[in-house]
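I have placed the structure first, in the form of structure tokens, so that the comments after it can refer back to it.
The values are calculated or read from the model by the stated rules, or taken from the named source; none is laboratory data. Given the structure is predicted, the values throughout are model-derived calculations rather than measurements. Note that we place each Cβ from the backbone using ideal geometry, even for glycine, and neighbour counts take in every protein chain shown. Ligands, DNA and RNA are stripped out before the accessible areas are found, and what is left, the full protein with its side chains, is counted by its heavy atoms. Shrake-Rupley method; radii C 1.70, N 1.55, O 1.52, S 1.80 Å.
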Amino acid sequence: MKKNVWLTYEEQDKKQLEELAESYKYFLSHCKTERECVSYFQEQAEAAGYVDLKQKISQKEPLKMGDKVYAAGMGKTIALFHIGKRAVTEGMNILCAHIDSPRLDLKQVPLYEDTELAFLDTHYYGGIKKYQWVTVPLALHGVVAKKDGSVVKISIGEKEEDPIVYVTDLLVHLASKQLSKKGSEVVAGEDLDILVGSCPLQGEEKDAVKANVLRLLKENYGIEEEDFLSAELEVVPAGAARDCGLDRSMIAGYGHDDRVCAFPSFQAMIEGEVPERTGCCLLVDKEEIGSVGATGMQSMFFENMVAELLALMGQDSNLAVRRTLAGSKMLSSDVSAAYDPAYGEAFEKKNSAYFGKGLVLNKYTGARGKSGSNDANAEYLAQLRKIFDDNQVAFQTAELGKVDFGGGGTIAYIAALYGMEVVDSGVAVLSMHSPCEVISKADLYEAKKGYAAFLKDA
């Protein structure tokens, strides 16, 4: 087993590690939806000298070595490019991660009243253990698009003076039948409705509590009930990310999967010098539900942006796009399951990820017989080993649990369709897909070092 990286750190390393951890905790606490992530990244990119690619296109301004541009898609995905010294058609070094996380989404017709309690009906998003989402403080984030073209931003439950929302559970005194069910059936998906009111509106005879909630929404946000039809409202755990452990060596919070890979990828990108090969950081949506839709990795967004990039460099052809993508190398950065001794029967110790052992490489993910995995090439893994060793990056390799115990997928296989070299890499996480996940600060630090080394040397 590899040495715990904490034992190798000098004081300067620990200082840089804590600075990165504090920045990451701020990001994790304030960016709980894909829209909030893209807004943050766009602001930070512009502060670092990145220019909107649309501006370059409208002005027909050629791109040259050293130029830094970004492109955002529908407010939910973003790609950054740093033009390198070599021709882009030789390929790019790409860091890719996703910025969506498991959560509860409001249905389009969500608001109802039952026995003078008002609820919002939800549909869960991504793979969750439904029983984990009851009786925890929850917040409401998202946007409401109105017919007049205006968009209202919503964030309720994060400030100390804000109310929270809440999913109820059956008291243990009456739960003998409930507790006899399988874990997947203890709480039904249709029962994950959030409690939002109990005070009736004076003078209303029918659904007076619902009427009162609608009154508050109208007064505070200008929202009518029919506006829910064109809303994207997400229910997420309320509260900030926090240090975990008496030694403060870990971070607990919502959404490490996969923002713990997106954040250091972005930081490595904006802090890098002019690279040999063009660098790219691609942060996408919808991974938790199959990378579908116009903002998921299966969309044409990334390919289209590469085509626009090449057109501004005098390479306006489909062949140039194909050559660029096929010649590229990618770290498909997604989290790994950290070994948990409380559930050791699910892991194979020799091939598990551990806290404090650095960036994790997964040659393959998938399930049962590697189904749905990318299964990276040995030659590519050898190249990455050399890059990380030459740059003193701590790394480890892992699989997603024991064979036949389950499994999961990432976006790696989608990027591999272009013929590029791709491997899964990321940070080990405890309690993955729960409302509060945990990571090691040391692994976050090593991930950023690894991503920076990849952009520079791959």
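Listing for the model above:
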quantity	calculated
Positions within the range 246-274 being in contact with a strand residue (DSSP E or B) (Cβ under 6 Å, 6 or more places away or on another chain), open to solvent by less than 30 Å² (accessible area, probe 1.4 Å) and not in a helix (DSSP H, G or I), in sequence order	251, 252, 254
All positions within the range 114-126 that are open to solvent by 40 Å² or more (accessible area, probe 1.4 Å) and either in contact (Cβ under 8 Å) with a residue 40 or more places away in the chain or in a strand (DSSP E or B) (or both)	114, 116, 117, 123, 124
Hey, residue 46 among the acidic types (Asp, Glu), in contact with a strand residue (DSSP E or B) (Cβ under 9 Å, 6 or more places away or on another chain), in a helix (DSSP H, G or I) and in contact (Cβ under 8 Å) with a residue 60 or more places away in the chain or not	no
Members of the range 415-437 that are under 15 Å from the mean Cα position of the chain (by Cα) and outside any strand (DSSP E or B)	427, 432, 433, 434, 435, 436
Residues (more than 23 Å from residue 259 (Cα to Cα), touching a residue at least 40 places away in the same chain (Cβ under 8 Å) and open to solvent by 30 Å² or more (accessible area, probe 1.4 Å)) located in the range 299-310	308
Hits in the range 225-245 (condition: exposed (fewer than 14 other Cβ atoms within 10 Å of the Cβ) and touching a residue at least 24 places away in the same chain (Cβ under 8 Å))	229, 230, 240
Test for residue 382: is it part of a helix (DSSP H, G or I) and at pLDDT below 95	no
Among (1) in contact (Cβ under 8 Å) with a residue 40 or more places away in the chain; (2) under 20 Å from the mean Cα position of the chain (by Cα); (3) open to solvent by less than 40 Å² (accessible area, probe 1.4 Å) - the single one residue 290 does not satisfy	(1)
Matching option when the condition is small (Gly, Ala, Ser), free of Cβ contacts under 8 Å to residues at least 12 places away in the same chain and under 30 Å from residue 129 (Cβ atoms), among 369, 401, 409, 426	369
When residues of the range 329-346 are limited to those that are of a type outside the set (A, V, I, L, M, F, W, C) and farther than 22 Å from residue 421 by Cβ, the one surrounded by the most Cβ atoms within 10 Å (Cβ to Cβ)	339
Test set (1) open to solvent by less than 50 Å² (accessible area, probe 1.4 Å); (2) among the hydroxyl-bearing types (Ser, Thr, Tyr); (3) under 22 Å from residue 430 (Cβ atoms); (4) out of contact with any Ser or Thr (no Cβ under 6 Å at 6 or more places or on another chain) - residue 397 fails condition number	(1)
Contacts under 6 angstrom Cβ, first residue in the range 135-156 being in a loop (DSSP other than H, G, I, E, B), partner crowded, with 19+ Cβ neighbours inside 10 Å, 6 or more apart	136/435; 137/238
Residue list for the range 347-377, filter: closer than 23 Å to residue 3 by Cα and open to solvent by less than 40 Å² (accessible area, probe 1.4 Å)	347, 352, 353, 354, 356, 357, 358, 359, 360, 361, 362
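For every residue, the table says whether it meets (1) in contact (Cβ under 8 Å) with a residue 24 or more places away in the chain; (2) open to solvent by less than 80 Å² (accessible area, probe 1.4 Å); (3) within 26 Å of residue 157 (Cα to Cα); (4) assigned to a helix (DSSP H, G or I).
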| position | (1), (2), (3), (4) |
| --- | --- |
| 12 | no, no, no, yes |
| 24 | yes, yes, yes, yes |
| 40 | no, yes, yes, yes |
| 66 | yes, yes, no, no |
| 72 | yes, yes, no, no |
| 80 | yes, yes, no, no |
| 86 | yes, no, no, no |
| 97 | yes, yes, no, no |
| 112 | yes, yes, yes, no |
